[in-house]
Amino acid sequence: MSKVVLRIPNGAVEVIRKHGKESYPNECCGILVGKAGDSGKEVLQAVPVANLRLNAEEADRLLPRESVDFESERNRFLIDPKEQIRIERETRESGLEVLGYYHSHPDHPARPSNYDRDHGWPWYSYVILSVIQGNPEEMTSWVLKDDRSGFDSEPWTGF
Amino acid sequence: MAVKVVIPTPLRQFAGKQDSIEISAGTVAEALSGLTNQYSELRRHLFTDEGKLRSFVNVYLNDEDIRYLENDQTPLKDNDVISIVPSIAGGRPAPSFCR
């Protein structure tokens, strides 16, 4: 049996599910803030942020799309690095850490894509929420392997 | 020039668990290559197999995105601070019917 390593308070789970529902059919994204210890990570807050892909020009400047025909805010998310730096700074100042990020997969299972893998970073928890026909369904969490070859599933529990 | 490179949380494990590293370099490119020579495990996360900086690695020099400066050829001054900021991106597979 796998050990539960990520704990997410029910309130934060609700924030993520609501954000996924409201953003449908687009992808939503946000930052998971909390504490990391030897026994795992405990999220204290899920902070919704804007999907910068809605601002295609700025997003393409930061991370160009491979295909403008097949990539958009409906299947891509990007967090504004300025927003990320600001939240990271505030988090550090309050003695907490950015533990990872969440995003939704509209009309797609809560499994990391090759694109997720190619753009992932080790250590962070990547929480993925599947939103089918506008309804939030399965939510999973993943951690990129250190050699970037794929993700390991990270069991999570609400509390 | 003696500069400081700030390492983001997910990469600290590959940099001797340090949150910043002092390095001597004349340009941003030299600083990053000095860093990955010292900590070779960082290389695959920062550079492609062809040795180019990965598109989803943001590099800031004293709070300014180096894309707005001279990219990796931006010259450094003593006490400059280089921050490696991971781009956070992802998304479901691209279907052919998108848009």
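The values are calculated or read from the model by the stated rules, or taken from the named source; none is laboratory data. The structure displayed is predicted, hence computed values, not measured ones. Quick reminder, even Gly has a Cβ in these numbers, built from the backbone with ideal geometry, and neighbours come from all protein chains shown. For the accessible areas, the whole protein counts, side chains as well, though only heavy atoms, and no ligand, DNA or RNA atoms are used. Shrake-Rupley method; radii C 1.70, N 1.55, O 1.52, S 1.80 Å.
For the range A:1-30, a residue qualifies if it is open to solvent by less than 30 Å² (accessible area, probe 1.4 Å) and touching a Ser or Thr at 6+ places or on another chain (Cβ under 6 Å), and the qualifying residues are A:L6, A:G20, A:E27, A:C28.
Taken together, the residues in the range A:105-133 that are more than 30 Å from B:Q13 (Cα to Cα) and open to solvent by 10 Å² or more (accessible area, probe 1.4 Å) amount to 5. Cβ-Cβ contacts under 7 Å between residues 6 or more apart (or on different chains), taken from a first residue in the range A:61-72 that is at the interface with chain B (Cβ under 7 Å from one of its Cβ atoms) to a second residue that is in a helix (DSSP H, G or I), are listed as A:L62/A:P81; A:S72/A:R53.
The set of residues in the range A:73-87 being facing chain B (nearest Cβ under 7 Å), hydrophobic (A, V, I, L, M, F, W, C) and out of contact with any Lys or Arg (no Cβ under 9 Å at 6 or more places or on another chain) consists of A:I79, A:I85. Set side by side, the residues B:S83, B:S20, B:S87 differ, and just one is in contact with a His (Cβ under 8 Å, 6 or more places away or on another chain) and among the polar types (S, T, N, Q), which is B:S87. Please work out which one of (1) modelled with pLDDT of 95 or more; (2) over 19 Å from A:W121 (Cα atoms) is the condition B:A94 fails and give its number. Tallying (1) modelled with pLDDT of 95 or more; (2) over 19 Å from A:W121 (Cα atoms), B:A94 fails exactly one: (1). If the condition is being open to solvent by 30 Å² or more (accessible area, probe 1.4 Å), more than 10 Å from every other protein chain (Cβ to nearest Cβ) and in contact with a helix residue (DSSP H, G or I) (Cβ under 9 Å, 6 or more places away or on another chain), then the range A:146-155 contributes A:S149, A:F151. Of all residues in the range A:115-136, those being farther than 26 Å from A:G37 by Cα and within 7 Å of chain B (Cβ to nearest Cβ) number 1. Taking the criterion of being in contact with a strand residue (DSSP E or B) (Cβ under 6 Å, 6 or more places away or on another chain) and charged (D, E, K, R), the residues of the range A:60-106 that qualify are A:E83, A:E88, A:E97. Residues of the range B:47-90 that are closer than 28 Å to A:S104 by Cα and in contact with an Asp or Glu (Cβ under 7 Å, 6 or more places away or on another chain): B:L53, B:N58, B:G90.
Table: residues versus (1) open to solvent by 30 Å² or more (accessible area, probe 1.4 Å); (2) in contact with a helix residue (DSSP H, G or I) (Cβ under 9 Å, 6 or more places away or on another chain); (3) within 22 Å of B:V57 (Cα to Cα); (4) not polar (S, T, N, Q).
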{"site": "A:L32", "(1), (2), (3), (4)": "no, yes, yes, yes"}
{"site": "A:L52", "(1), (2), (3), (4)": "no, yes, yes, yes"}
{"site": "A:P64", "(1), (2), (3), (4)": "yes, no, yes, yes"}
{"site": "A:V68", "(1), (2), (3), (4)": "yes, yes, yes, yes"}
{"site": "A:I85", "(1), (2), (3), (4)": "yes, no, yes, yes"}
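Take A:R76 and decide whether it is buried (at least 20 other Cβ atoms within 10 Å of the Cβ) and charged (D, E, K, R). Considered against the rule, which asks whether it is buried (at least 20 other Cβ atoms within 10 Å of the Cβ) and charged (D, E, K, R), A:R76 comes out as yes. The numbered conditions (1) at the interface with chain B (Cβ under 7 Å from one of its Cβ atoms); (2) closer than 30 Å to B:S40 by Cα; (3) in contact with a Cys (Cβ under 8 Å, 6 or more places away or on another chain) are all true for A:Y102 except (1).
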